[in-house]
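As structure tokens, the structure follows; a few thoughts come after it.
The values are calculated or read from the model by the stated rules, or taken from the named source; none is laboratory data. What you see is a predicted model; the values in this text were computed from it and never measured. Methodologically, a virtual Cβ is constructed for each residue, glycine included, from the backbone with ideal geometry; neighbour enumeration extends over all protein chains shown. Heads up: the accessible areas ignore ligands, DNA and RNA and are worked out on the full protein's heavy atoms, side chains in. Shrake-Rupley method; radii C 1.70, N 1.55, O 1.52, S 1.80 Å.
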Amino acid sequence: MKISSPRGTSDILPCHIAEWHQLETTARTLFKTYGYSEIRTPVFEDTGLFKRSLGESTEVVNKQLLEIKSQRAEGASDDAGFALRPEGTAPVVRAYNQYDLGREEFLSKLFYMGPMFRGERPQKGRLREFHQIGAEAIGRGANHPLLDAEIIALCVKLLKGFGLNDFKLKINSLGSAEDKKNFANWLRAELKGKIDHLGDESKSQYERNVFRLLDSKDPACKEVINTLEIGSRHLSEAGLKYFEEVKKGLDQLGVVYEVSSHLVRGLDYYTHTVFEIAYAGLGAQDALGAGGRYNGLIEQLGGGDRRFPEQVGAMGFALGMERILLALEAQGKLVQAKRFLDVFVVAGKPEYETETFGLVHELRQGGLAADMDFGRGRAFKKQFEQANKLGARFVIILGEEELKNATVGVKNMTTGEQTIVDRKKAVEELSRQLERL
Ligand code: HAM
């Protein structure tokens, strides 16, 4: 029986790798412009890290953590074992604290790219292993509302840099930790008499994480929520002022957004600014990326520094790479994978195989992308077909005459033009011709 990859995971085959490289290269270039350095953290961490940071009552922790249950998981610091990382923020904060990055840096700007794991029910755009490109700005210098604006602008710029259009940015502010608490109390009080006819899931959210009701997909719940007048009533004066400055920063940068008082996030660590970018063409799983501020998380995970009076602030985002590729495909903007080879060497007769092998080696030593047919004396025609499949720009033919005269026959596969070249000068001549293409 053939074994397939687990449901909700996918292989990235060579024919699609150019699409991934394009996202990664664009992101690396842009991150550099904004002063971000790459950080790589393990793909698994202590389960406790995620429970403490994302929130015990969140879906990601409650239902979706992929835990590693094996004897070898012994040694995790809180004996809860290990879990595959469902996101990148908590691991980055863990590393920030562990290596005391704040001692040297007033502001650490970090980015990452890599696989994340959530035990979700797979569907289009929702996988169990997916990839994120994310950024986190952490430090005593990360408390400025203009940084929120800069990070949101960077997220938008990345999507545009990938070639995407027609996505929508929504922003909101949850206010300080205190504002959030008051908001949750107000919401519970407002919804108290109205939840009886809601579904079980909504009732349980009311108890566990009342904010989730605000962006619930349950139509009955939506109806109830739409009767609430939320606006920015939950924000204290300071919270309101902060949000105003974020919006001003976005206006200054020409970033188009919509303020949505119903936008909350599925992870507990957010305070103040939150945002989400969606592309409607994706259907149910339309969020391309999301992020926000999480000022309390550094201290919550044991960081912060008494030597400095300023609180350590933090703000970041993550984009889902698979969803970006789906959106690019829907907009007809996927990069086509191109096979590429400088030169393919064809053996005129099976007995010239060893000479062919040697010449391919010489060409590679000279820095050219070279290859040959390993078909044990396959016909001339088959070898040419293989050269075409590999996208060879030139074919070198090693025949009796050429071997006798220490020359090679070079065929330009685009023009069909053929020349005879001194074998010793083959690398030099091919390099020259390749440069002219
Ligand atoms: P998140 O909203 O959970 O936030 O995920 C960010 C993005 O990852 C989503 O908008 C989506 O594009 C992608 N994504 C999430 N789950 C899946 C899945 N099962 N399959 C495919 N794509 C998925 C975070 O992860 C936060 N750490 C973002 C952040 C960084 N906040 C502050 N800093």
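Suppose we flag chymotrypsin sites (Phe, Trp or Tyr not before Pro) only when DSSP calls them loop and at most 12 other Cβ atoms lie within 10 Å. Which is the longest uninterrupted stretch of the chain? Display every interim value, and only then the final one.
Values: sites that count: TYR99, PHE106, PHE340, PHE374.
Longest stretch, sites excluded: 107-339.
Does the stretch 1-104 come out rounded, prolate or oblate, given a ≥ b ≥ c as the square roots of the eigenvalues of its C-alpha gyration tensor, rounded meaning a/c under 1.5 and, failing that, prolate meaning a/b above b/c? It is oblate, given that a/c is not under 1.5 and a/b is not larger than b/c.
Would you list which aspartates and glutamates come within 19 Å of LYS51, measuring only between C-alpha atoms, while excluding same-chain residues fewer than 8 positions from it? Output for LYS51: GLU59, GLU67, GLU74, ASP78, ASP79, GLU87, GLU120, GLU207, ASP268, GLU299.
Each Cα pair of the chain feeds into the Kirkwood radius, which the Stokes-Einstein equation turns, at 10 °C and 1.306 mPa s, into a diffusion coefficient of 63 µm²/s. In the stretch 341-436, Cα pairs under 8 Å separated by at least six residues give a relative contact order of 29 percent. Packing, as the average of other Cβ atoms within 10 Å across residues, places the peptides 137-149, 2-14 in the order 137-149, 2-14, highest first.
From the Cα gyration tensor of the stretch 352-437, with a ≥ b ≥ c the square roots of its eigenvalues, which class applies: rounded if a/c is under 1.5, or else prolate if a/b is larger than b/c, or else oblate? Since a/c stays below 1.5, the shape of the stretch 352-437 is classed as rounded.
Out of the DSSP beta bridges found with both residues in the chain, what percent are antiparallel (nearest 5)?
Values: 50 of 63 bridges.
Around 80 percent of the beta bridges assigned by DSSP in the chain are antiparallel ones.
Rolling a 1.4 angstrom probe over the chain with all protein chains present gives an accessible area of which 50% lies on carbon and sulfur atoms. For PHE394, the residues whose amide H sits under 5 Å from its own are VAL343, PHE344, MET413, ignoring neighbours fewer than 5 places away on the same chain, with H placed 1.01 Å from N. The distance between label points at GLU310 and ASN165 comes to 4.1 nm (points 7 Å beyond Cα on the Cα→Cβ vector). Partner lysines whose Cα lies under 28 Å from the Cα of LYS241, excluding those fewer than 8 positions away in the same chain, are identified as LYS109, LYS157, LYS168, LYS170, LYS180, LYS181.
Here MET372 sits with roughly 10 square angstrom of accessible surface, probe radius 1.4 Å. Placing pseudo-labels 7 Å out from each Cα toward the beta carbon at SER431 and ASN185 gives an inter-label distance of 7.5 nm.
Using a simple spin-label model with pseudo-atoms 7 Å out from Cα toward Cβ, ALA280 and GLU201 lie 2.3 nm apart.
Largest accessible area first, the listed residues ARG121, ARG364 line up as ARG121, ARG364 when surface is computed with a 1.4 Å probe on the assembled protein chains.
With a ≥ b ≥ c taken as the square roots of the eigenvalues of the C-alpha gyration tensor of the stretch 274-380, please select rounded if a/c is under 1.5 and otherwise prolate if a/b is larger than b/c or oblate if it is not? Show your work: numbers first, answer last.
Working: a/c = 5.57, a/b = 2.27, b/c = 2.45.
Here the stretch 274-380 falls in the oblate category.
The angle between the Cα long axis of helix 237-252 and the main principal axis of the chain comes to about 30°, on a 0 to 90 degree scale. Surface analysis of the chain yields an accessible area of 52 Å² per residue, using protein heavy atoms and a 1.4 Å probe. Each helix, a run of at least 4 DSSP H residues, gives -39500 (n - 2.57); summed and divided by the residues of the chain, these come to -11000 deg cm²/dmol at 222 nm. Taken one residue at a time, the phi angles of the stretch 395-411 give Karplus couplings (6.51, -1.76, 1.60, θ = phi - 60°) of 10, 9, 10, 9, x, 4, 4, 4, 5, 5, 9, 6, 10, 9, x, 10, 10 Hz. Gly and Pro are set to x.
For a modelled paramagnetic label at GLU104, 7 Å from Cα along Cα-to-Cβ, the residues of the stretch 128-148 in reach, with backbone nitrogen under 20 Å, are 136-142. Seen from ALA387, the other residues with C-beta closer than 12 Å to its C-beta sum to a net charge of +3, counting Lys and Arg as +1 and Asp and Glu as -1. Once both axes come from the Cα atoms, what is the angle between helix 380-389 and the longest principal axis of the chain, in degrees from 0 to 90, rounded to 10? Helix 380-389 and the main axis of the chain meet at about 20 degrees. For the stretch 311-323, putting each phi into the Karplus relation 6.51 cos²θ - 1.76 cosθ + 1.60 with θ = phi - 60° gives couplings of 6, 6, x, 7, 8, x, 7, 9, 10, x, 5, 4, 5 Hz, in residue order, rounded to whole numbers and with x for Gly and Pro. Taking all protein chains together, HIS262, HIS197, HIS234, HIS16 sort by accessible area into HIS197, HIS16, HIS262, HIS234, largest first [probe 1.4 Å]. Residue ranking by accessible heavy-atom surface, 1.4 Å probe, largest first, among ARG126, ARG376, ARG103 comes out as ARG376, ARG103, ARG126. Taking a probe of 1.4 angstrom, what is the accessible area of VAL43 in Å², to the nearest 10? Estimated to the nearest 10 Å², VAL43 gives 60 Å². Think of the chain as having a plus end and a minus end, set by charges on the Cβ of Lys, Arg, Asp and Glu; of VAL93, LEU13, TYR269, LEU13 sits farthest toward the positive end of this dipole.
Neighbours of GLU329 by Cβ distance under 11 Å: Lys/Arg scored +1, Asp/Glu scored -1, total 0. Return one number: the angle in degrees, 0 to 90 and rounded to the nearest 10, between the long axis of the Cα atoms of helix 17-33 and the longest principal axis of the Cα atoms of the chain. Approximately 60 degrees, to the nearest ten.
Report the net charge of residues surrounding GLU429, where surrounding means a beta-carbon distance below 15 angstrom and charges are Lys +1, Arg +1, Asp -1, Glu -1.
Details: positive: ARG393, LYS411, ARG423, LYS424, LYS425, ARG432, ARG436; negative: ASP342, GLU362, GLU402, GLU417, ASP422, GLU428, GLU435.
That sum, taken over residues with Cβ under 15 Å, equals 0.
Between VAL256, VAL312, VAL156, the residue with the greatest mean-square fluctuation in the GNM of the chain (Cα pairs under 10 Å linked by springs) is VAL256. The accessible area of LEU164, taken with all protein chains in place and a 1.4 Å probe, comes to roughly 0 Å².
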